[in-house]
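Asker: One structure follows; several queries about it will come next.
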Amino acid sequence: MTTEILMPALSPTMEEGTLAKWLVKEGDSVKSGDILAEIETDKAVMEFEAVDEGVIGKILVAEGTEGVKVNTPIAVLLEEGENADDVASAASAPAPQTTEDKAAAPKSAPAQAKTPAAPQSDTSPDWPEGTELQKMTVREALNAAMAEEMRRDDTVFIMGEEVAEYQGAYKITQGLLDEFGPKRVIDTPITEHGFAGIGVGASWGGLRPIVEFMTWNFAMQAIDHIINSAAKTLYMSGGQMGSPIVFRGPNGAAARVGAQHSQDYAAWYAQVPGLRVVQPYSAACAKGLLKSAIRDPNPVVFLENEILYGRSFEVPKLDDFTIPFGKAKIWREGSDVTIVSFGIGMTYSLEAAEKLAEDGISAEVVDLRTLRPMDTDTVIRSVMKTNRCVTVEEGWPVASIGNHISAVLMQKAFDYLDAPVINCTGKDVPMPYAANLEKLALTSTTEVIDAVRQVTYR
Amino acid sequence: MPPRKSAAKPNVSAEDLTQYYRDMLLIRRFEEKAGQLYGMGLIGGFCHLYIGQEAVVVGLEAAAEEGDRRITTYRDHGHMLACGMDPKGVMAELTGREGGYSRGKGGSMHMFSTERRFYGGHGIVGANVPLGAGLAFADKYLGNDRVTFTYFGDGAANQGQVYETFNMAALWALPVIFVIENNQYAMGTAQKRSTSSPDIYHRGAAFGIPGEMVDGMDVLAVKAAGEKAVAHCRAGKGPYILEIKTYRYRGHSMSDPAKYRTREEVQKMRDEKDAIEHVRELLLSGGLATEDDLKAIDKEIKDIVNKSAEFAKESPEPALEELWTDIIADVAPQEEATQ
């Protein structure tokens, strides 16, 4: 049987090339691996090897020929004992495979709805009416969530810097070593890149790791594993393997710790498909969402805030209290403006709403709580009622969460907006150390009030 | 390259040796076919062939037991075939088709099989090293005696996270074998131009991890070293390093003209060190197989490879809906929660 040797594609982008030189001649015997020719691509001169054994029956394209299209027959290979005359009857080359026509994009991405129909949103309370409540700090709530989940599931463990014997750099893991022992509460060396990778590998091996970063600033050393290893594997494996892992720690500015320790990563991680991203404000949300995060089959980026750790909130006394992802919480109902925030931004938002109420401006305050999936439906419904929106976050202004909310409102609630959406954000600067400058770099209650006055023209 | 140590009459059964021959030949023929399909435009993007390195994975798989795990970088086709993954599913992934291991969504560099305990297929040099240690961490935590083969190259051996991992693997006595496939070129950079000391297997010394250099063109030497490493790990003694000296005959990827080395250097390796030829000689000279036996194997392998290529061409492209699947796992986070 004769075999046609076709002009090969020798790079991801090659469509044609020059047949620079033949290294075999008609009548030569070749075996797999022998170099047949040199071919010049758009990038380099490449050697082209034989795959099949045989005798070169005929060379169809002379050396020096330019612009030879990929998949053009360039020579004919005969099996031993065959005659070169058979060449004439060799079949012509198959047409090159084209995939473009078949791979037409779906008409519209599911995320892009057209009409501003009022979306449904789940506004049910986080716990049943009449549930007994107790005061708890965010720190205690996070600690309780982990302890409860570790009691419930032996495969849950926590690793990170100073989580065990030191009892947590911010005391979030206090007492866990005593209760669960060193097998499940593991002090790591200061090697974020390495232990984040070990955590992801452990999640593939049948465990449910909680990886604590002393702060999210240090997780920049580990971001490759959070995104490339954890977030993308379910997709890359065609659904075979997921990464049930929680990455958690304090995020954003604390107080006077300078530029390298004061960054808010909410918008960074919220952009990544395959992740769930949570940034709780209250102790109840921290507890309910962290428990959901530990049970979730996907990688969860859990962004806490050092300043909020010591704040107290009411938390329901329930044996097993969880909050689902993708469900915003309306902390305060109002009719004149919607303030959308999350995490520490909620403190400015709620304070501003309180002060605005004294002046007769009724603000509705929406806490996104999870940034991926993001409950934009609740925001849209609220804006359909108030017709105005201000977003509040501590992160930088470019490509912020507020920018995204603004875009969604423009696409889905354009006709309902009576004023442009204003994004209150951190300033577009690295965090300064000086107390006065740091204050200026963050957003503030005053800025939120000013923004609300602008959008309400009052 | 150290001199080959295997005796002319090795202490191995005809059956085993024939199996290694078959397994190595499958990888070589499969890769040659993949190169051909790439040339025809049926495989796109990056495609890193394993030709020349076959003895590494075949030798180590011969030392592995059911339940052991393996993870590697992007030059991964050989590892998948050696651990028993279906050539059809691998080839169909290369062509980006529905019948591929990742249903066409992973490609050459990203395939997985939890069934065969193969955990990828990773595109970031060095990243699979802590991931492999993590798999070993899980086995230790779960209290079984499985080991994880974590493969990486001489290029990856210069990545910082490798040493972070060595430290933790030694500290926690993780059952992980770090397999450094030293094919002597990190893409186009010869080892002597990128690596301060030539012996990478010494690099565990700082962490108390034993290491040894192995002739990677000799499948029996690889198997023997693998067995030693596996015994060390299974006994709970922590990690082990194997630096396996090997050689890649083809370029780094399909678009690499390999001008950083001479044609003579490659030819010399092929002529004098080829791992498949070595086993072929052992089989024939030892009277363990006849020319006809080997011809029959060649034909059988060619058949398997041709069928995998046919399957990879005929399998349809993934449905357009697949764009939106497998992003987030289906099980709702609240499924187990009490209401």
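Asker: May I ask you to say which residue of B:LEU135, B:LEU94, B:LEU81 is within 9 Å of chain A (Cβ to nearest Cβ), surrounded by 24 or more Cβ atoms within 10 Å (Cβ to Cβ), touching a residue at least 24 places away in the same chain (Cβ under 8 Å) and of a type outside the set (Lys, Arg)?
Answerer: It is B:LEU135.
Asker: Those residues that are within 24 Å of the chain's Cα centre (by Cα) and not charged (D, E, K, R), I need them from region A:143-189; list them, please.
Answerer: Scanning region A:143-189 gives A:ALA145, A:MET146, A:VAL156, A:PHE157, A:ILE158, A:MET159, A:GLY160.
Asker: While we're here: Of all strands (runs of 3 or more DSSP E) completely enclosed by region A:120-236, which ones contain at least 1 residues that are within 9 Å of another protein chain (Cβ to nearest Cβ)?
Answerer: Filter on region A:120-236 gives A:156-160, A:185-187, A:208-212.
Asker: Here is a further query. Does A:LYS25 meet the test of being modelled with pLDDT of 85 or more, away from chain B (no Cβ under 11 Å) and either loosely packed, with under 15 Cβ neighbours inside 10 Å or assigned to a loop (DSSP other than H, G, I, E, B) (or both)?
Answerer: Considered against the rule, which asks whether it is modelled with pLDDT of 85 or more, away from chain B (no Cβ under 11 Å) and either loosely packed, with under 15 Cβ neighbours inside 10 Å or assigned to a loop (DSSP other than H, G, I, E, B) (or both), A:LYS25 comes out as yes.
Asker: A follow-up question, please. Can you name the residue in region B:112-125 that is small (Gly, Ala, Ser) and surrounded by fewer than 24 Cβ atoms within 10 Å (Cβ to Cβ) and is also nearest to A:GLY205 (Cα to Cα) among such residues?
Answerer: Residue satisfying both the conditions and the ranking: B:SER113.
Asker: Filter region A:36-60 for residues that are β-branched (Val, Ile, Thr) and buried (at least 17 other Cβ atoms within 10 Å of the Cβ); which is farthest from A:THR13 (Cα to Cα)?
Answerer: Across region A:36-60, the extreme among qualifying residues is A:VAL55.
Asker: Next up: When the residues of region B:324-339 are narrowed to those that are within 7 Å of another protein chain (Cβ to nearest Cβ) and surrounded by fewer than 15 Cβ atoms within 10 Å (Cβ to Cβ), which ends up modelled with the highest pLDDT?
Answerer: Per the stated criteria, the residue is B:TRP324.
Asker: Consider B:GLY143 carefully, then state whether it is among the small types (Gly, Ala, Ser) and under 15 Å from B:ARG203 (Cβ atoms).
Answerer: When the stated conditions are applied, B:GLY143 does not pass them.
Asker: Taking region B:97-111, which residues are under 12 Å from B:SER308 (Cα atoms) and buried (at least 23 other Cβ atoms within 10 Å of the Cβ)?
Answerer: Correct list: B:GLY100 only.
Asker: Is it the case, given these coordinates, that B:GLY67 is out of contact with any Cys (no Cβ under 8 Å at 6 or more places or on another chain) and away from chain A (no Cβ under 11 Å)?
Answerer: In short, yes.
Asker: From B:THR114, B:THR165, B:THR148, grab the single residue that is at pLDDT below 95 and closer than 23 Å to A:ALA231 by Cβ.
Answerer: Testing whether each residue is at pLDDT below 95 and closer than 23 Å to A:ALA231 by Cβ leaves just B:THR114.
Asker: Which residue out of A:LEU19, A:LEU36, A:LEU60, A:LEU6 is at pLDDT 90 or above and in contact with a helix residue (DSSP H, G or I) (Cβ under 7 Å, 6 or more places away or on another chain)?
Answerer: Criteria check complete, one pass: A:LEU6.
Asker: Does A:GLY274 count as modelled with pLDDT of 95 or more and on the phi > 0 side of the Ramachandran plot?
Answerer: yes
Asker: From the list B:TYR101, B:TYR38, B:TYR20, exactly one residue is assigned to a helix (DSSP H, G or I), among the hydroxyl-bearing types (Ser, Thr, Tyr) and facing chain A (nearest Cβ under 9 Å). Which is it?
Answerer: Unique residue meeting the criteria: B:TYR38.
Asker: Which condition does B:LEU49 not pass, out of (1) more than 25 Å from B:ASP218 (Cα to Cα); (2) not in a helix (DSSP H, G or I), if it passes all the others?
Answerer: Unmet condition: (1).
Asker: Okay, moving on. What are the residues in region B:138-162 that are surrounded by fewer than 21 Cβ atoms within 10 Å (Cβ to Cβ), within 8 Å of another protein chain (Cβ to nearest Cβ) and under 26 Å from B:ARG248 (Cβ atoms), if any?
Answerer: Answer for region B:138-162, where residues must be surrounded by fewer than 21 Cβ atoms within 10 Å (Cβ to Cβ), within 8 Å of another protein chain (Cβ to nearest Cβ) and under 26 Å from B:ARG248 (Cβ atoms): just B:GLY160.
Asker: Considering only region A:263-335, give the strands (runs of 3 or more DSSP E) lying wholly within it that have at least 1 residues that are within 21 Å of A:ASN143 (Cβ to Cβ).
Answerer: Ranges flagged: A:276-278, A:300-304, A:312-316.
Asker: Just to verify a result, which residue in region A:297-308, among those that are buried (at least 24 other Cβ atoms within 10 Å of the Cβ) and more than 15 Å from the chain's Cα centre (by Cα), is nearest to the other protein chains (Cβ to nearest Cβ)?
Answerer: Once the filter is applied, the top-ranked residue is A:GLU304.
The values are calculated or read from the model by the stated rules, or taken from the named source; none is laboratory data. Keep in mind that this is a model prediction, so the values were computed, not measured. All Cβ positions, even for glycine, are placed from backbone atoms using ideal geometry, and neighbour counts span all protein chains on display.
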